[in-house]
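Trainee: Questions regarding the structure given below will be posed in turn.
The values are calculated or read from the model by the stated rules, or taken from the named source; none is laboratory data. The structure presented is a predicted model; accordingly, all values stated were derived computationally and were not measured. As a convention, Cβ positions derive from the backbone with ideal geometry for all residues, glycine included, and neighbour counts pool all protein chains shown.
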Amino acid sequence: MVQRFGVIGLDHRHVYELTQHLIEAGMVCAGYWPATSDPGVLEGFRKRFPHIPDVAEQARLLEDPTIQVIVIAAVPCDRAPLAIAAMRAGKDVLVDKPGITDFAQLADVERAVAETGRIFSVCFSERFQTPSTAAALDLVMQGAIGQVVQTVGLGPHRLNRALRPGWFWDASTYGGILVDIASHQIDQFIVFTQSTKPEVAFASVGKYAVGDGFEDFGEIVLRSERASGYIRVDWFTPDGLPTWGDGRLTILGTEGTIELRKYIDIEGRPGTDHLFLADAKGTRHIACQGRKLTYFRNFANDVRDRTETAMPQAHALTVCRLALQAQAKAVPTAG
């Protein structure tokens, strides 16, 4: 049986990637609800997917028995309520990060997951859409650098002030910088260290340069029964960098280190997804660009088979919880 999905919430450009990857995984998009806070996103969606029909009411997608999945890239504070409505309508959910922006939403999502048995999956794109991260995880699982004792995740972003919709500037709608961006690095810390009891040891946010109370810097220190982690996120990518952010991940093991330059190797090799490995044998560069992504195919299989191969349900909720905890306890460093 062909798997079908609908799209509700066209407020962030990540909706393009979510839709395209599911189509490449063999699913069919049955339609989208065109309501949006950013007409540019809707225009871009229509240009990329002219064959996908729009529907006048979101209820038509939720009530369609031939649709198994709802994709959501709405305004962040609206994602959890939409996901809950979809799950209670019998649909599995693939949501852009952050999937949850406050603790009340977290409790509601956990309740809906438990009561419906539906999948609530958050696409942490800095892991699931970067081949270098997948290659690094394979090396770690093979024991290439021994036991992982620390990760350092850096998530700089370009502000692109003129392109941002109104909700982007309001912490009550996007959740704060640690909820919005740092969920990526929290996800990677848990996976690479195989931690079962992660917790937030310290967090801070800064309001250095953007103005109007906007959080443009954040950091988190994580710890667990196995390892520690440091996270830094910001909105300070300079205009001179030819990509939106120089995202990096360093993985420290007892027998070696791995460093990822996910989006650019400045003044170095062209392209994306550069992996650098240092161990007892020496150092080497591994080009990962072009490696096949597995998350979306695994998600489609999970929808069909009721499994958890793409991402355990508990993991998605744990990442959301830690991001909320970090944001709640963050100490202001400037502003």
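Trainee: Which of the residues that make up region 250-270 are in contact with a helix residue (DSSP H, G or I) (Cβ under 6 Å, 6 or more places away or on another chain), closer than 14 Å to Gly155 by Cα and not charged (D, E, K, R)?
Mentor: Applying the first criterion (in contact with a helix residue (DSSP H, G or I) (Cβ under 6 Å, 6 or more places away or on another chain)) to region 250-270 yields 251, 258, 260, 262.
So of that shortlist, the ones also closer than 14 Å to Gly155 by Cα come out as 260, 262.
Within region 250-270, Leu260 is the sole residue that qualifies.
Trainee: Shifting gears a bit: Select from region 135-166 the residues that are buried (at least 20 other Cβ atoms within 10 Å of the Cβ) and of a type in the set (Gly, Ala, Ser) and write down the one among them that is farthest from the chain's Cα centre (by Cα).
Mentor: So the residue we want is Ala136.
Trainee: Output yes when any residue across region 16-38 is free of Cβ contacts under 8 Å to residues at least 40 places away in the same chain, crowded, with 24+ Cβ neighbours inside 10 Å and part of a strand (DSSP E or B), and no when none is.
Mentor: yes
Trainee: Please tell me if Thr196 is in contact (Cβ under 8 Å) with a residue 24 or more places away in the chain, within 26 Å of Ala314 (Cβ to Cβ) and crowded, with 16+ Cβ neighbours inside 10 Å. Walk me through how you get there before you give the answer.
Mentor: On the way: in contact (Cβ under 8 Å) with a residue 24 or more places away in the chain: yes; within 26 Å of Ala314 (Cβ to Cβ): yes; crowded, with 16+ Cβ neighbours inside 10 Å: no.
Here the answer is no, as Thr196 does not meet what is asked.
The rows are residues; the columns are (1) at pLDDT below 95; (2) more than 20 Å from Thr243 (Cα to Cα); (3) not polar (S, T, N, Q).
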site	(1), (2), (3)
Val113	no, yes, yes
Cys123	no, yes, yes
Glu126	no, no, yes
Gln129	no, no, no
Asp138	no, yes, yes
Met141	no, yes, yes
Gly153	no, no, yes
Gly176	no, yes, yes
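Trainee: Regarding Phe124, is this residue touching a residue at least 40 places away in the same chain (Cβ under 8 Å), in contact with a His (Cβ under 6 Å, 6 or more places away or on another chain) and buried (at least 22 other Cβ atoms within 10 Å of the Cβ)?
Mentor: Details: touching a residue at least 40 places away in the same chain (Cβ under 8 Å): yes; in contact with a His (Cβ under 6 Å, 6 or more places away or on another chain): yes; buried (at least 22 other Cβ atoms within 10 Å of the Cβ): yes.
Here the answer is yes, as Phe124 does meet what is asked.
Trainee: Something else: Would region 212-231 turn up any residue that is out of contact with any Pro (no Cβ under 8 Å at 6 or more places or on another chain), modelled with pLDDT under 95 and assigned by TED's automatic domain parsing to the domain that holds Gly143?
Mentor: yes
Trainee: List pairs: first residue in region 207-229 and closer than 29 Å to Asn160 by Cβ, second residue crowded, with 22+ Cβ neighbours inside 10 Å and charged (D, E, K, R) anywhere in the structure, Cβ distance under 8 angstrom, at least six positions apart or on different chains.
Mentor: From residues that are closer than 29 Å to Asn160 by Cβ, the pairs are Lys207/Glu215.
Trainee: With touching a residue at least 24 places away in the same chain (Cβ under 8 Å), part of a helix (DSSP H, G or I) and more than 30 Å from Leu324 (Cβ to Cβ) as the only criterion, which of Arg60, Arg79 stands out? Lay out the reasoning, then the answer.
Mentor: Details: Arg79 fails: more than 30 Å from Leu324 (Cβ to Cβ).
None of the other options fit; the residue is Arg60.
Trainee: Looking at region 289-335, which of its residues are surrounded by fewer than 16 Cβ atoms within 10 Å (Cβ to Cβ), among the polar types (S, T, N, Q) and over 11 Å from Ile119 (Cα atoms)?
Mentor: The answer is Gln289, Thr294, Thr309, Thr333.
Trainee: Can you tell me which residues in region 115-167 are assigned to a helix (DSSP H, G or I), over 20 Å from Gly256 (Cβ atoms) and hydroxyl-bearing (Ser, Thr, Tyr)?
Mentor: Of everything in region 115-167, those that are assigned to a helix (DSSP H, G or I), over 20 Å from Gly256 (Cβ atoms) and hydroxyl-bearing (Ser, Thr, Tyr) turn out to be Thr116, Ser125.
Trainee: Here is a follow-up. Identify, please: which residue in region 262-277 is surrounded by fewer than 21 Cβ atoms within 10 Å (Cβ to Cβ) and touching a residue at least 40 places away in the same chain (Cβ under 8 Å) and is, among those, nearest to Thr333 (Cα to Cα)?
Mentor: So, considering only residues that are surrounded by fewer than 21 Cβ atoms within 10 Å (Cβ to Cβ) and touching a residue at least 40 places away in the same chain (Cβ under 8 Å), the one nearest to Thr333 (Cα to Cα) is Thr272.
Trainee: Could you tell me which numbered condition Gly256 fails, if it satisfies all but one of (1) surrounded by 13 or more Cβ atoms within 10 Å (Cβ to Cβ); (2) on the phi < 0 side of the Ramachandran plot?
Mentor: (2)
Trainee: Still on this model: What are the pairs, 6+ residues apart or on separate chains, where a residue within region 103-114 that is in contact (Cβ under 8 Å) with a residue 24 or more places away in the chain has its Cβ under 8 Å from a residue that is surrounded by fewer than 17 Cβ atoms within 10 Å (Cβ to Cβ)?
Mentor: Phe103/Ala328; Gln105/Pro81; Asp108/Pro81; Ala112/Arg88
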